[in-house]
Amino acid sequence: MIEKTINGVHNQNVANPHVVVIPYPSQGHINPLLQFAKRLASKGIKATLVTPKHTLSSFSSLENVVFEPISDGFENRGSPEVGSEDLFLSAFKSNGSISLSRLIETHQNSAFPVTCVVYDAFLPWALDVAKAYGLLGAAFFTNSAAVCSIFCCVSHGLIELPLNPDQVRTVLPKMPLFKGNDFPTFLRKPETYPAYLTMKLSQFSNLHLADWMFCNSFDDLELKVIEGVQDKWAAKMIGPMVPSSYLDGRIEGDIGYGSSLWKPSSEKCKEWLKTKPKNSVIYVSFGSMVSLTQQQTEEIALALKQSNYNFLWVVRETQVNKLPKGFQQELCMTKKGIIVTWCNQLEILGHEAIACFVTHCGWNSTLEGLSLGIPMVGVPQWSDQLPDAKFIEEVWGVGVWAKEDDKGVVRKEILGECLKEVMEGEKGKKIRENAIKWRELSKKAVDNDGSSDKHIEDFVQHLRCNCFAKTKSNGFR
Ligand code: UDP
């Protein structure tokens, strides 16, 4: 440990790096980036997570990660409305750049000047800010390596839109064979979500300036994909970014992400799950963003009712009105199911009563299902959820994909068959074996000397060397 005095401040950590982590402010992005901040902190790095003011209250205080507000320009306007992504992204870019610059300047003369900005790849402007101050910049990708690879090639013009599966095969030969419906919706139907498509492609716009690139996946999980794309997108796999107690257990007290944008009904869930036998409950969740049609909600409700399994279903407050009339009251009588508006998903998945996860296949949910060894039924809706469902079924064999009909609806009969298959069928047995295999490989990746752990260690060493060199050149020897 080096002891020096900087500007009169007694500092025991002159060569200790300080990383500022900045996630895109949605649950599916905050969780993995906050988890990365905790991993770095557990290795002795000072970590500050910066987030728009209106999300600050969603964080629990943590022993070794500090939270600081940043402006997204919405302080006095309330949260951005759904459908106004363009507006939000440009306001966050302009306000966030100024605000992040100020934050870096504030720390510049402190005992812990910022060494590196770890930014969500959705926010490439954060890298420009880091570089303007001569800092290290590390991009963090929150999708699978397969999905990132495809977007990377589209962004570099190697794959053209609309997508042609043969061209994808030629450019990314190690990727499993994609059919039209497997591709991310933003690429399959580029006209449907132009703001999101632009954002996904902009991840690669200044990436050549980044010192590091990370992806929330792990080497064993996407080995072939990673090999095939190294010359175009050389990201290091550092995942799964799931709280340590569910994996390696090396971070003491790390039993949850430490952020929840909605209040979870933890007690209610636990009390209800306690009344159910081991491996008897289907957990159903569509994450934080998906909005199902009323028809789709009804099909799911009927599939669950008719299948007669126990189920715990997260239906967000804004979606509850789509449930069939009288459905909730019926559940109160039969006790076969429970509906909550939000829960602590990991707590549920980790409960011994859970047998199956009906998921929209968001990347975090996919990794959580894999890490906890829970068989899955994929009901993907949009974005990267479709390729994730493909990998769940075809590549890792940890679940089945409940396919929609030509009207774009997953019918109750199809979902019912998938539930039966996973809960009781022959395929279900193999799926359970695979799920256990992937659970163990997930643990191995983040445990001491695992592939992800090694990549994080390399980063930590790089930060230390960089910080030490700067300290020396500033005259502290
Ligand atoms: N989640 C949760 N409670 C819920 C539903 C979801 O804590 O009731 C968490 C889940 O554990 C995951 C995140 O929210 O970490 C959702 O991320 P994902 O990538 O799966 O989906 P998105 O919400 O981005 O579509």
Listing Cys215, Cys465 from the residue with the fewest other Cβ atoms within 10 Å to the one with the most, what is the order? Cys465, Cys215
Between Ala132 and Glu68, take the C-beta separation as r, use R0 = 22 Å, and let me know the FRET efficiency to the nearest 0.05. 0.70
Once label points are set 7 Å from the Cα along Cα→Cβ at both Glu440 and Thr192, what is their separation, rounded to one decimal in nm? 3.9
So if I place +1 on the C-beta of Lys and Arg and -1 on the C-beta of Asp and Glu, and nothing else carries charge, what would the dipole magnitude of the range 359-434 be about its Cα centre? I want it in debye, nearest 20. 140
What order, most packed first, do the peptides 196-207, 236-247 have when packing is the mean number of other Cβ atoms within 10 Å of each residue? 236-247, 196-207
Fewest to most Cβ atoms within 10 Å: Thr334, Thr366, Thr297 sort as Thr334, Thr297, Thr366
Tell me which of Trp212, Pro387, Asn31 sits at the most positive position along the dipole axis of the chain, charges placed on C-beta atoms (Lys, Arg +1; Asp, Glu -1). Asn31
Greater than 30 Å separation of Cα atoms is the criterion. Which listed pairs, Lys263/Lys336; Lys174/Lys443; Lys444/Lys472; Lys263/Lys325; Lys263/Lys322, meet it? Lys444/Lys472
Go through the range 320-398 and name the GluC sites (Glu not before Pro) that are in a DSSP coil and have 15 or fewer other Cβ atoms within 10 Å of their Cβ. Glu352
When the Karplus curve 6.51 cos²θ - 1.76 cosθ + 1.60 is applied with θ = phi - 60°, which whole-Hz ³J(HN,Hα) does each residue of the range 45-50 get, with x for Gly and Pro? 8, 6, 10, 10, 9, 10
Quick one: which residues, 5+ away or cross-chain, put their amide H under 5 Å from the amide H of Val284? H built at 1.01 Å from N. Leu312, Trp313, Val314, Val358
Expressed in µm² per second, the diffusion coefficient of the chain from the Stokes-Einstein equation, with Rh the Kirkwood radius over alpha carbon pairs, at 20 °C and 1.002 mPa s, is 92
Kirkwood hydrodynamic radius, the range 279-353, all distinct C-alpha pairs: what's the number in Å? 12.8
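Taking N as the number of residues in the range 217-299, what is its alpha-carbon radius of gyration divided by 2.2 N^0.38 Å?
1.57
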Within the chain, helix-based [θ] at 222 nm, where runs of 4 or more DSSP H residues each add -39,500 (n - 2.57), nearest 500: -12500 deg cm²/dmol
Approximate spin-label separation Glu394-Glu424, in nm, with each point projected 7 Å along Cα-to-Cβ: 3.0
Kirkwood Rh and Cα Rg combined as Rg/Rh, the range 358-445: 0.97
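Where a number appears in this text, it was derived from the coordinates with a stated rule and is not lab data. What you are looking at is a predicted structure, and each value in this text was computed from that prediction instead of being measured. Neighbour counts are summed over all protein chains in view; Cβ atoms, including those assigned to glycine, are modelled from backbone coordinates with ideal geometry.
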